[in-house]
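A short worksheet on the structure shown next.
The values are calculated or read from the model by the stated rules, or taken from the named source; none is laboratory data. Since the model is a prediction, treat every value here as computed from it, not as a measurement. Glycine also receives a Cβ, built like all others from the backbone with ideal geometry; neighbour counts cover every protein chain displayed. Each accessible area value is taken on the protein alone, full model and side chains, heavy atoms only, with ligands, DNA and RNA left out. Shrake-Rupley method; radii C 1.70, N 1.55, O 1.52, S 1.80 Å.
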Amino acid sequence: MEYFGEQLVNGVVMGGVYALIALGYTLIYGVLQFLNLAHGELYMMGAFFGFFTMTALGGPSASAVPVAVMIGIMFIVAMGGGALLGVAVERFAYRPLRNSSRLAPLISALGVSLFLQNAALLLFGARVRLYDTGQFIDLRSGISIGRIRIDPTEMMVVIGALLLMAGLWLMVNRTRLGRAMRAVAVDQDAAVMNGIDVDRTVVWTFAIASGLAGAAGVMSGLLLYPVDQYMGVFAGLKGFSAAVLGGIGSIPGAMLGGFLLGITEALVTGYLNPTYADFIAFLILILVLLIRPRGILGRPAIAKV
Amino acid sequence: MTERTPLLELRDVNTYYGQIHILQGVNLRVFEGEFVALLGGNACGKSTTLKTAVGLVTPKSGSVLIDGVEVTKEKPGERIRRGIAVVPENRRLFGPMTVMENLQIGAYTRSHVPKEDYDYVFDLFPKVAERRNQLAGTLSGGEQQMVAVARALMSKPKLLLMDEPSMGLSPLLVEQSFELIDDLHRQGVSMLVVEQNANMALSVADRGYVLQTGRVVLEGPAADLAQDAELRKAYLGR
Ligand SMILES: Nc1ncnc2c1ncn2[C@@H]1O[C@H](COP(=O)(O)OP(=O)(O)OP(=O)(O)O)[C@@H](O)[C@H]1O
Ligand SMILES: [Mg+2]
């Protein structure tokens with residue numbers, strides 16, 4: 001029972017990270033019916049941005065600022081940097097292709113993906129980086145529920161992910177920008193005839209999706225996952241699988257899919273075989289596509305009149 | 001007498017979809033206070049005319065003017081801010097969003113929308129007020145039509161461009177919807193209304209234009225058009 005609880009905690013923590021990545025896929029897909037296959041690379045860049053911010057602030061040993069402030073700045077830089085990068089990618093790699101075939105932007109996205117991996121290799125080198133979380137957060141503290149312990153990073157990641165999701169939910173459902181995003185998703189021409197600027201709405205969509213990916217990157221770094229130029233490949237695929245599982249285009253679906261994937265992965269790793277971890281996402285992806293392509297919360301495709 | 005400035009003017013407009021030449025030198029003007037009907041058979045370019053006016057499509061040549069200002073290069077949002085609004089063909093409500101959210105999108109181009117502006121359309125359409133929290137996609141055809149008009153009014157237009165407001169409505173509702181359009185016109189909203197139902201449109205319009213394969217083939221006072229034998233034969237079906 002204790003072991004189960006620990007695996008569950010691991011699953012929920014990683015689920016939060018997957019959910020943030022999945023939300024990016026689903027937001028962009030919802031608004032443009034386009035799969036941003038380079039999304040995982042924005043997560044990777046976010047992890048690097050967070051790492052270098054941490055180092056620039058004097059590192060854990062001689063941190064120039066209090067730990068909470070340092071972590072806050074790491075998130076701000078990674079999210080802001082991710083957002084700017086995402087907007088640049090949209091502007092130069094996707095927008096020129098928006099009115100061409102459906103395949104062209106997908107191929108462009110694969111190109112962006114390779115470009116960002118190589119840019120990271122060139123700029124940051126081939127060395128695998130590890131956050132020094134253990135030096136500024138006491139991983140032995142935290143809270144205990146029965147005999148299950150949740151360390152401070154895990155708590156921070158889960159709470160951070162939930163706060164970001166709540167913020168996103170408010171933005172999408174309660175603000176002018178959110179309404180514009182939904183309107184463009186439903187009927188682009190009708191949105192235009194109401195004066196909505198599609199380009200601007202798409203820019204914001206990419207900024208938000210990429211900012212969330214950046215935050216997820218920092219979270220995985222803080223959870224001591226290694227940071228290198230290829231880390232976005234699997235994470236991207238997992239986020240995508242989570243989005244498809246929940247129903248691509250559905251925001252609650254992406255959240256649900258992220259947590260379900262995280263938990264399933266943790267339980268399979270814990271009870272069956274740790275080497276299965278990365279294979280679970282693919283299995284789920286294939287099963288969903290075969291059995292219920294619209295995912296758990298997705299709407300069936302509605303034919304346009 | 002000095003020439004008045006039209007609220008909306010299309011000057012020698014040529015609009016294409018890809019290689020297909022749709023509007024072929026269309027000239028059209030709507031003056032303040034007017035009710036103008038835009039008539040013509042299927043696929044002659046009526047909807048394209050409205051889309052060109054609001055800026056959903058950009059003409060290859062010619063110009064669009066709102067209130068005497070050239071807006072051919074402006075985005076739809078800017079044009080709407082100048083005082084035009086569209087009730088599109090088939091209404092095109094945002095089905096998965098509530099009626100209230102549809103109205104808010106209608107007011108999208110305005111930075112501040114006082115509560116009175118919502119009250120104004122709710123007074124006009126008590127049904128819309130009743131249904132404000134319902135998803136727009138679940139409304140009846142007649143209710144959807146009201147929401148579409150209410151949504152367009154939220155931008156406080158001086159000129160309303162309506163594309164086949166009677167489409168898909170029962171005869172009784174068609175009648176009611178024309179009464180409503182006529183009321184709005186009396187309250188000072190100028191109208192450019194596309195209609196297949198030429199009789200109905202000409203009975204309330206001041207002037208009309210008749211399009212045929214992308215050209216204006218007839219224009220004049222509504223009463224004259226209603227009498228025109230050719231028009232009757234070609235478009236009114238008798
Ligand atoms: N987005 C588009 N791409 C290509 N062709 C189009 C497009 N929209 C309209 N057309 C074509 O342009 C022509 C004029 O269309 P338009 O919708 O303006 O006609 P209409 O007069 O409004 O017809 P209706 O009375 O049937 O609504 C039609 O032949 C139509 O097929
Ligand atoms: Mg039409």
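When you look at the Cβ of every residue in A:183-192, what mean number of other chain Cβ atoms sits within 10 Å?
Numbers: counts 8, 1, 2, 9, 5, 1, 5, 12, 5, 9.
Whole-number average of other-chain Cβ neighbours for A:183-192 is 6.
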Most to least accessible of A:Lys238, B:Lys115, B:Lys51 (protein chains only, probe 1.4 Å): B:Lys115, B:Lys51, A:Lys238
Three-way shape call for the range B:69-109 based on the alpha-carbon gyration tensor, with the a/c threshold at 1.5: prolate
Helix A:277-291 vs. chain A, principal-axis angle (Cα, 0 to 90°, nearest 10): 30 degrees
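Taking the mean number of other Cβ atoms within 10 Å as a proxy for protection, how do you rank A:28-39, A:89-100, A:222-233 from highest to lowest? List each step's numbers first, then the result.
Details: A:28-39: 22.6, A:89-100: 15.7, A:222-233: 19.3.
The packing order, highest mean first, is A:28-39, A:222-233, A:89-100.
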In degrees, nearest ten, helix A:103-124 long axis to first principal axis of chain A (Cα): 30 degrees
Label-reachable residues, the range B:45-72, where backbone N falls under 20 Å from a point 7 Å from B:Arg4's Cα toward its Cβ: B:65-70
Largest to smallest accessible area among B:Arg91, B:Arg215 [probe 1.4 Å]: B:Arg215, B:Arg91
Potential lengthening between B:Thr138 and B:Asp12 on full extension [0.36 nm per residue; Cα-Cα distance subtracted]: 41.2 nm
